[in-house]
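Asks: If you scroll down you'll find the structure; I have some questions about it.
The values are calculated or read from the model by the stated rules, or taken from the named source; none is laboratory data. Every value quoted in this text rests on a predicted model; they were computed, and no experiment measured them. Don't worry about glycine lacking a Cβ; one is built from the backbone with ideal geometry, like all the others, and counts go over all protein chains shown.
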Amino acid sequence: MTAEAKAAVVTGGCRGLGRELSLGFAAAGHRVVALYREDAGAAARLEADLADRGLAGRAFRCDVTREDADWKAWAGEVAGARQLVLVHNACPPFEPTPFHLLDWSSFEAQWQGAVKGAFLCTRELLRPLARAERGTVVNVLTAALSETPPKGFSAYVTAKGALQSLTRALAGELGPRGVRVFSVSPGFMAGGLTERWDPRWQQAMREGAGAEADPAELAARIVALVEDDAVPGAGEDHAL
């Protein structure tokens, strides 16, 4: 990688919004590292699409909730980037469930994906982010945080609320080192995480998170925020 390069690391980067983010950052001139946990087929399709479009990027299997993950496998892809972006988009699959039917493991799984994943990825990229001329961390939240969440989503929104707090804390610590940190809150997106949900749960999320959003359009808006010098990256949240 040349010293002039731009690079973007997208967790959960092979399906849904993550896939569109990977394609969007690649189209904007970033060398993309798309991290995934299980879906090798989606990873292969993303790499094929990147190659067909003449864009730079690869998919790497990496469970971002595990400290013993193979972080070094893709570190060289972003080493020395003058502009480096980390987008923490990964979210563990879940089925919306009323609170009285949940056990703690449901909360813990969402916490691991949202908060521990963001913690480990940011820690892994801390030095290259700080060394870059422009380092940016973007954490993906949910529009459901802005209103009273719909029934069945307590584990999910609790984890996303904690991730919002981590975003603000990181901005306070990393801002003086020249790293921008902010979050984005998209509305309901069909497919990927939500495609196996009962239609009643999908409708509840639409009502709780706003009108259904198009992943490609959301990804384009997130890329634009990252590329905009006027965005402060001081821990603020951007509703999408």
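Asks: What is the one condition in (1) at pLDDT 95 or above; (2) more than 15 Å from TYR156 (Cβ to Cβ); (3) hydrophobic (A, V, I, L, M, F, W, C) that TRP111 does not satisfy?
Replies: Of everything listed in (1) at pLDDT 95 or above; (2) more than 15 Å from TYR156 (Cβ to Cβ); (3) hydrophobic (A, V, I, L, M, F, W, C), TRP111 misses just condition (2).
Asks: Which is at pLDDT 90 or above and touching a Phe, Trp or Tyr at 6+ places or on another chain (Cβ under 8 Å), of PRO186, PRO215, PRO176, PRO232?
Replies: PRO232
Asks: Can you tell me which residues in the stretch 210-240 are surrounded by fewer than 17 Cβ atoms within 10 Å (Cβ to Cβ), assigned to a loop (DSSP other than H, G, I, E, B) and in contact with a Leu (Cβ under 8 Å, 6 or more places away or on another chain)?
Replies: VAL231
Asks: Restricting attention to the stretch 121-151, report how many residues are touching a Ser or Thr at 6+ places or on another chain (Cβ under 7 Å), assigned to a helix (DSSP H, G or I) and crowded, with 17+ Cβ neighbours inside 10 Å.
Replies: So the count comes out to 3.
Asks: Then there's this: I'd like the full set of residues that are basic (Lys, Arg), assigned to a helix (DSSP H, G or I) and within 17 Å of the chain's Cα centre (by Cα), limited to the stretch 155-188.
Replies: Scanning the stretch 155-188 gives LYS160, ARG168.
Asks: Please give the number of the condition GLY80 fails out of (1) at positive phi; (2) under 13 Å from the mean Cα position of the chain (by Cα).
Replies: The number of the failed condition is (2).
Asks: In addition: List every residue pair whose Cβ atoms sit under 8 Å apart, with the two residues 6 or more apart in sequence or on different chains, where the first one lies in the stretch 6-18 and is free of Cβ contacts under 8 Å to residues at least 60 places away in the same chain and the second, anywhere, is surrounded by fewer than 24 Cβ atoms within 10 Å (Cβ to Cβ) and assigned to a helix (DSSP H, G or I).
Replies: CYS14/ALA42; CYS14/ALA43; CYS14/ARG45
Asks: Mind checking which pairs have a first residue in the stretch 214-229 that is touching a residue at least 12 places away in the same chain (Cβ under 8 Å) and a second that is β-branched (Val, Ile, Thr), Cβ under 6 Å, 6 or more apart or different chains?
Replies: Final answer for the pair search is ILE222/VAL184; LEU225/VAL231; VAL226/VAL85; VAL226/THR136.
Asks: Which members of the stretch 109-120 meet the condition of being surrounded by fewer than 21 Cβ atoms within 10 Å (Cβ to Cβ) and small (Gly, Ala, Ser)?
Replies: ALA109
Matching residues to (1) free of Cβ contacts under 8 Å to residues at least 60 places away in the same chain; (2) within 25 Å of HIS30 (Cβ to Cβ); (3) of a type outside the set (Phe, Trp, Tyr):
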| position | (1), (2), (3) |
| --- | --- |
| GLY76 | no, yes, yes |
| VAL87 | no, yes, yes |
| PRO92 | yes, no, yes |
| PRO96 | no, no, yes |
| PHE99 | yes, no, no |
| LEU120 | yes, yes, yes |
| LEU125 | no, yes, yes |
| PRO128 | yes, yes, yes |
| ARG131 | yes, yes, yes |
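Asks: Any idea which of SER106, SER165 is surrounded by fewer than 18 Cβ atoms within 10 Å (Cβ to Cβ) and out of contact with any Gly (no Cβ under 8 Å at 6 or more places or on another chain)?
Replies: Only one candidate passes the filter, namely SER165.
Asks: Select from the stretch 133-168 the residues that are under 21 Å from ASP228 (Cα atoms), of a type in the set (D, E, K, R) and touching a residue at least 60 places away in the same chain (Cβ under 8 Å) and list them in ascending order.
Replies: The one that is under 21 Å from ASP228 (Cα atoms), of a type in the set (D, E, K, R) and touching a residue at least 60 places away in the same chain (Cβ under 8 Å): ARG168.
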